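Okay, so here's the structure we're looking at.
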Amino acid sequence: MNEREDKFRKNVSPSEDDETVKISFRNSRQKESSSNDEDLTSSRTIVFPGRNHENYEDDTSEPIVKKKKHHKIQVRKMLTRSRWMTALAVLANVLLVYDALLLTKYSSLKQSMFVKIDLAVLAVLVVLDLFAMASLFYKKKNWVIIALVISIILSAGGSYAAYALVRINSSVNDLTSTTYTKSVSAALVIYSGNSDPISSVSDLDGKTVGFARGTDTAEVGKSYLEKKKVSAEYKEYNSYTDLFSGLINGDIASAVMPVQYESIIDNDSTLDSYFADTSILASFDSNVTATTQAGADKDLTTEPFTVLISGENEGLADTIILVSVNPVSMNVTMTSIARDSYVPITCYGNVKSKINSAHAVSESCLVDTVEQLTGVNIDYTVEFTFASVIEIVDAVGGVDVANDRYFVGQSWDIATDSLKNLDIPYDESGGLVHMNGEEALAFVRERHAFDDGDFARQRHQQAVIEDIIAKVMATKDPNTYLNILQAAGNNIKTNMSADQVLNFVSYAMQKATRYYNPSDLAGVFNFITGRITGYDSSIYSPEYGFNLYTYELYNGAIEDARKAIERNISTTDTPSAFTGASWNADTVYTAPKMIQDTYDEAVSSDNSSDYSDSSSDYSYSNDSQYYYQDDAPANNDTQTDTTTQDVHQDDTQINNDQSGSDSTVTGGGTDSNSTDTNTDQNTDTSDQEPVQ
Amino acid sequence: MEKAGLRRQRKEKFRRQMRSLLIILLVFTIISAIALLWNLYRIRNSQTGSGNTLQTSGVSSEYSNKYYSIGNNPTDIDKTYFKELNKAVEADDKALISEDIVKCFVSEYYTWTNKDGTYDIGGMQYIYTDRQSDFEKYTRDEVFADMDLYLDKYGRDRLMQVKEVTTENAVNAGQVTVKNALATASTADPNATEVPDSTASADEATYDAYTVQASWTYDEDTDMDLSQAQKNAVFTVIDHDGRMEIAAIQ
């Protein structure tokens, strides 16, 4: 027996039931480690379950070999565990630091909060690392295991956070990207009243198919027919309403329209009676790449700015709100424009049409049209979809708005990408009710249930926007911010930069620290809301033989809206002399109306003489590839760059005499193969436009 | 001996490996700490736009009592009047409190040198709480409507500042009926005046009240034209469940 074995024998320390042996390789002076805190290089305590001390005494050589082997195994295990623990601790470090760095992009939202997050991450990592280093230094098995478990948890958490942040960053990039891809669903709509029945897509061969000028559905539809090898004649219309009228009138065999075409033109009481006799022959989807113009280069914390908010539905602008923000007064004007407002559309050569149809051509067409209508320069655009309302409202935990009547609203099912009906919460006494995303969407879309129809809808849209802002301002949870950003990124497009948005939110939150009511931080904004009022009218279409519904705007309403917005964004107006206050709590203050309900102006109930054939009124120089059958793009993947469309629109040579009696549109350089109907439009614009 | 040597080598190898792991961890700890400290610096210096918000100055606890707290960035006379209010609150003298909150209100509300913007309305804490938002809206729309233009044109330091406020003795006005928090613009009766308690509707409430006649002067070192500026008013102060609050300025 060698010296080492002798030392080993002296260190034998039997227990009652198990045989416990301490093996000392280096020296026997070192303290015996407990079974839970083993020091693997200096001494070993090995337990052989079920063996007693007597047995050990009887046979010493066998256990010693086993003990050596066991010790080797333990050392190997320790080394393996330590390696894993170190690797995972390093991974946790990398992931958490990466997360913190990614998160800093949003730090301008609330610096103090992000400082705390950064310090917390630093503290957690330092504690973890020091503990892990201690476990390695002292070679404590259980410490290593604890550090390993903590590292696993932190790595898992860090991985998830990194995944979420990368997604959010991607969403924010999408949100503020000026180029984006959108899915367009279109359908070939047919009318059973037509003399020539159509039962399949191939029946359209040689027939005339109509589309709305410049719309995404037109491009998608034409590509679809090309794919199906259907050789159809194409006829273009100014708007979906005109297109639908053409279908009913028998001008065309089929119309390329959005799948939800009924919801687009259901304002026309003269047309909706035909819905039952129409059906979808075929529907198809495609992705379309669109580009928006870059926003203004402004510091939103010092310079007043304007934003055009539009809610997109099947390519049309269902919601149009012109917002102006003054970062000093924190006054925000919100001016709604009825989607049926009958105004000159800039990209139609200023021919009047419903304002929502301008959006079908491009967002910039809508911007130009609103700018021309109001005289207000628009700095930025924000475009949202049904899904964005649902997701953002849900991200802020729902909205609280006043709804005093029961109705079944029409919302959107994101999962199935289809309309759905649901009961909307209400409180007859006019109190606030809580609505989730789907309910809020139905609420802001509803007009039939309310006496003032579309204006109730505009009011509700403004109320929901205000409450979303209130909820955003009130939140203290960074996760909520990130959820909002993610929801917004998925469904909202803006040409503001991410920094501009974040800086402004941060700025507003700084202001809120001085606000007298900490429970209502959104109160820091003073919302001044209004709508450009007008009156119901109709326009007689000699071609179709019936009246089309229109909504004519009051000149006074447009002027008042312009004045209110210009005052809000002005920094140079001469201030009126300060007078003082006179207020009494025995009455309720009623803010002066931004825009009056009615104006003493001559109204027209029928613009029949103004109406001209809305189809094929224009030819476009250099863009016949888009509008005429023979030049239709052979674009098999149906990718359509709407930027190109815009460029072509800009190329349109329009000689439009705003004040004269002729709006003659000429197009140069039309392709000889085209079916261009390059006609002059004899329109008396002075009679046609009640709005100057 | 050979085995012992081998064992020592193994032990040495084990120690080396453990030391390597330790060094790796140490290095990553240092890198992480440096990265996070640098990130902290980035956060502190992150671009938040050049728009400024007037920093709220801290005030000592003497400018707060069981009912009221002094407003943001108080001026010297704000502080003086608030100290007087403290004494009145301590004495629980309703008439005196009424006079002092009127002084405090006037000195805060009609002073713009310490305001950040139209939203930053002084003296809100003295307004009848049920109708604070109503008063705020009125102020922003009509009284402070051009404050942003004044700020742009003259700068904050050149705006109006109350120099002195004097009040007559508060007069017991009996009971007055005012709208409560339930009242909304649609239910408001613009012709409503004080009505007996028995006829008060659900959106009204009746309180004991004092009226206080106040007059004040402005610091002349200002660029604002104060020729038409209000310099006196009669305030109605109600006893709102023990807290005296301004319910009317006329």
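Every read-out reported here was derived from the displayed coordinates using simple, explicitly stated rules and does not represent laboratory data. From a predicted model like this one, the values you see are computed outputs, not experimental measurements. Every residue, glycine among them, receives a Cβ derived from its backbone with ideal geometry; neighbour counts consider all protein chains shown.
Observations, loosely collected:
- Two-site FRET efficiency, A:Phe455 against A:Tyr163, from Cβ-Cβ distance with R₀ of 45 Å, rounded to 0.05: 0.50
- If R0 is taken as 51 Å, the Cβ-Cβ distance between A:Leu101 and B:Ser215 corresponds to a FRET efficiency of 0.25.
- Annotation: extensible slack from A:Ser199 through A:Asp413 equals 74.0 nm (criterion: 0.36 nm per residue apart, minus Cα-Cα distance).
- Crossing angle, helix B:76-91 versus chain B [Cα axis fit, 0-90 degrees, rounded to tens]: 80
- Label point distance in nm, A:Lys563-A:Thr590, each placed 7 Å from Cα along Cα→Cβ: 1.9
- Cα-projected label distance for A:Ala402 with B:Lys13, points at 7 Å along beta-carbon direction, nm: 8.2
- Set of lysines with alpha-carbon distance to A:Lys110 below 20 Å, sequence-local pairs under 8 removed: A:Lys471, A:Lys476, A:Lys511
- Using C-alpha pairs under 8 Å with a sequence gap of at least 6, the mean separation divided by the residue count of chain B gives a relative contact order of 17 percent.
- Here the range A:445-565 is assigned +1 on the Cβ of each Lys and Arg and -1 on the Cβ of each Asp and Glu. Its dipole about the Cα centre then comes out at about 520 debye.
- Segment A:Lys69-A:Asn377, length gained on full extension (0.36 nm per residue, minus Cα span): 102.5 nm
- Charge dipole (the range B:92-180, unit charges on Cβ, about Cα centre) - positive-most of B:Thr118, B:Ala173, B:Thr129: B:Thr118
- Across peptide B:132-143, the mean count of Cβ atoms from other chains lying within 10 Å of each residue's own Cβ comes to 6.
- Exposure proxy ranking, count of Cβ atoms within 10 Å, fewest first, for B:Arg158, B:Arg16: B:Arg16, B:Arg158
- Sorted largest first, the spans of the alpha carbon positions of the range A:388-482 along the three principal axes are 40, 33, 19 Å.
- Segment A:Leu432..A:Ala602, full-extension length gain: 57.3 nm, with 0.36 nm per residue of separation and the alpha-carbon distance subtracted.
- Spin-label zone in the range A:443-476 - amide nitrogen under 17 Å from a point set 7 Å from the Cα of A:Asp520 along the C-beta vector: A:463-475
- Among B:Thr211, A:Thr494, the ranking by other beta carbons within 10 Å of each residue's beta carbon, starting with the fewest, stands as B:Thr211, A:Thr494.
- Counting beta carbons within 10 Å around each of A:Thr381, B:Thr75, A:Thr86 and listing the fewest first gives the order B:Thr75, A:Thr381, A:Thr86.
- Over all projection directions, the Cα-based convex hull of the range B:1-138 averages an area of 16.8 nm².
- For the pair A:Thr178 and A:Asp423, a Förster radius of 41 Å applied to the C-beta separation gives a FRET efficiency near 0.55, rounded to the nearest 0.05.
- Dipole orientation for the range B:40-167: of the candidates B:Tyr41, B:Asn86, B:Asn52, B:Tyr41 has the Cα lying most toward the positive pole (charges on Cβ; Lys, Arg +1; Asp, Glu -1).
- Between the listed residues A:Leu225, A:Ala282, A:Gly246, the Cα displaced farthest toward the positive end of the dipole of the range A:204-284, a dipole computed from Cβ unit charges relative to the Cα centre, is found at A:Leu225.
- In this label model, A:Lys207 and A:Glu233 are separated by 1.4 nm, measuring between points 7 Å along each Cα→Cβ vector.
- Around A:Ile414: net Lys/Arg minus Asp/Glu count, Cβ-Cβ under 12 Å: -4
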